[in-house]
């Protein structure tokens with residue numbers, strides 16, 4: 001079911017399926033990718049894995065498990081609504097037989113959206129409803145329209161980091177530098193020829209996708225993230241979007257040297273009965 005939140009400046013829409021943002025509209029301009037053939041999602045929630053392990057399997061408690069799909073299962077499940085008010089909504093997902101078969105930890109994942117004058121605040125809260133420690137990865141995957149205006153092109157945009165960064169891409173196992181101690185990354189199709197640009201431990205707390213030719217831009221504020229990733233499909237001109245993805249840390253395949261989830265160095269560890277909060281803010285102009 002789709003829920004709509006409005007104020008005089010902004011309108012956002014959130015679906016109970018995956019607790020996924022479907023629209024971010026300011027002044028009649030839609031900023032969020034409206035799904036389509038190149039990528040049929042808008043802004044999925046990545047939990048309890050970011051990406052997948054190299055083999056598709058992992059161990060937990062000495063037993064082997066296999067996640068059924070990339071980026072975990074939360075994005076494909078129905079959330080229940082906890083509360084709705086004029087400027088916000090809260091939705092939750094709880095573990096069940098289907099989740100425990102691929103991820104052996106009882107949990108409750110709550111996602112809250114708060115409407116702002118110029119955007120939306122996203123807050124995730126994971127509660128370990130079990131007695132033993134659980135381990136997980138968590139992140140956002142919002143896709144922003146690029147270009148935003150009909151007279152613009154995909155290549156008219158840049159990704160701008162708040163502070164100088166060293167960004168590389170993996171070219172057949174070898175890192176290739178695409179940004180060397182700089183802040184501006186020109187957007188091109190070729191930039192994503194080798195998939196996403198994963199930046200661990202960024203110096204920046206914000207990243208912006210902006211036009212060279214208009215005032216319009218999208219900024220993601222991610223002070224809690226230990227990794228920010230930029231992605232768009234390569235060689236497909238129908239893919240008129242760029243994803244700015246704030247993650248708790250690097251994806252699970254970075255930890256493939258550690259098959260046991262308890263030993264994966266970048267997984268979040270949450271002891272029984274405790275909760276973990278993780279959020280970010282999207283601002284548009």
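The values are calculated or read from the model by the stated rules, or taken from the named source; none is laboratory data. Because the structure is predicted, anything quoted here is derived from the model rather than measured. Reconstructed Cβ throughout: ideal geometry from the backbone, glycine too, with neighbour counts over all protein chains shown.
Among the residues of region 131-144, which ones are in a loop (DSSP other than H, G, I, E, B) and either crowded, with 17+ Cβ neighbours inside 10 Å or free of Cβ contacts under 8 Å to residues at least 24 places away in the same chain (or both)?
Listed by number, the residues that qualify are 137, 138, 141, 142.
Name the residues in region 183-194 that are surrounded by 15 or more Cβ atoms within 10 Å (Cβ to Cβ), over 20 Å from the mean Cα position of the chain (by Cα) and under 17 Å from residue 164 (Cα atoms), would you?
183
Would you pick out the residues in region 200-228 that are buried (at least 22 other Cβ atoms within 10 Å of the Cβ) and in a loop (DSSP other than H, G, I, E, B)?
222, 225 - these are the residues of region 200-228 that are buried (at least 22 other Cβ atoms within 10 Å of the Cβ) and in a loop (DSSP other than H, G, I, E, B).
Among the residues that make up region 77-98, is at least one of them farther than 24 Å from residue 274 by Cα and in contact with a helix residue (DSSP H, G or I) (Cβ under 9 Å, 6 or more places away or on another chain)?
no
Right, residue 152: modelled with pLDDT of 95 or more, surrounded by fewer than 22 Cβ atoms within 10 Å (Cβ to Cβ) and under 23 Å from residue 239 (Cα atoms) or not?
Yes; evaluated as a whole, the condition is true for this residue.
Criterion first (within 14 Å of residue 199 (Cβ to Cβ) and modelled with pLDDT of 95 or more) does residue 265 satisfy it?
no
Just to be sure, is residue 24 under 21 Å from residue 157 (Cβ atoms) and not in a loop (DSSP other than H, G, I, E, B)?
Spelling it out, residue 24 is indeed under 21 Å from residue 157 (Cβ atoms) and not in a loop (DSSP other than H, G, I, E, B).
Select from region 27-53 the residues that are over 20 Å from residue 99 (Cα atoms), touching a residue at least 24 places away in the same chain (Cβ under 8 Å) and outside any strand (DSSP E or B) and list them in ascending order.
Listed by number, the residues that qualify are 31, 33, 34, 37, 38, 41, 42, 43.
Scan 105, 113 and give me the residue that is assigned to a strand (DSSP E or B), surrounded by 15 or more Cβ atoms within 10 Å (Cβ to Cβ) and in contact with a strand residue (DSSP E or B) (Cβ under 9 Å, 6 or more places away or on another chain).
Answer to the selection: 113.
Among what's in region 6-18 and is in contact (Cβ under 8 Å) with a residue 60 or more places away in the chain and closer than 16 Å to residue 281 by Cα, pick the residue that is surrounded by the fewest Cβ atoms within 10 Å (Cβ to Cβ).
Checking each candidate, the answer is 10.
Can you find, within region 61-79, the residue that is farthest from residue 218 (Cα to Cα) among those that are surrounded by fewer than 19 Cβ atoms within 10 Å (Cβ to Cβ) and in contact with a strand residue (DSSP E or B) (Cβ under 7 Å, 6 or more places away or on another chain)?
Among residues in region 61-79 that are surrounded by fewer than 19 Cβ atoms within 10 Å (Cβ to Cβ) and in contact with a strand residue (DSSP E or B) (Cβ under 7 Å, 6 or more places away or on another chain), the one farthest from residue 218 (Cα to Cα) is 64.
For residue 179, state whether it is at negative phi, buried (at least 19 other Cβ atoms within 10 Å of the Cβ) and free of Cβ contacts under 8 Å to residues at least 24 places away in the same chain.
Against the criterion (at negative phi, buried (at least 19 other Cβ atoms within 10 Å of the Cβ) and free of Cβ contacts under 8 Å to residues at least 24 places away in the same chain), residue 179 qualifies.
Residue check: is residue 147 outside any strand (DSSP E or B), within 16 Å of residue 231 (Cβ to Cβ) and in contact (Cβ under 8 Å) with a residue 24 or more places away in the chain?
When the stated conditions are applied, residue 147 does not pass them.
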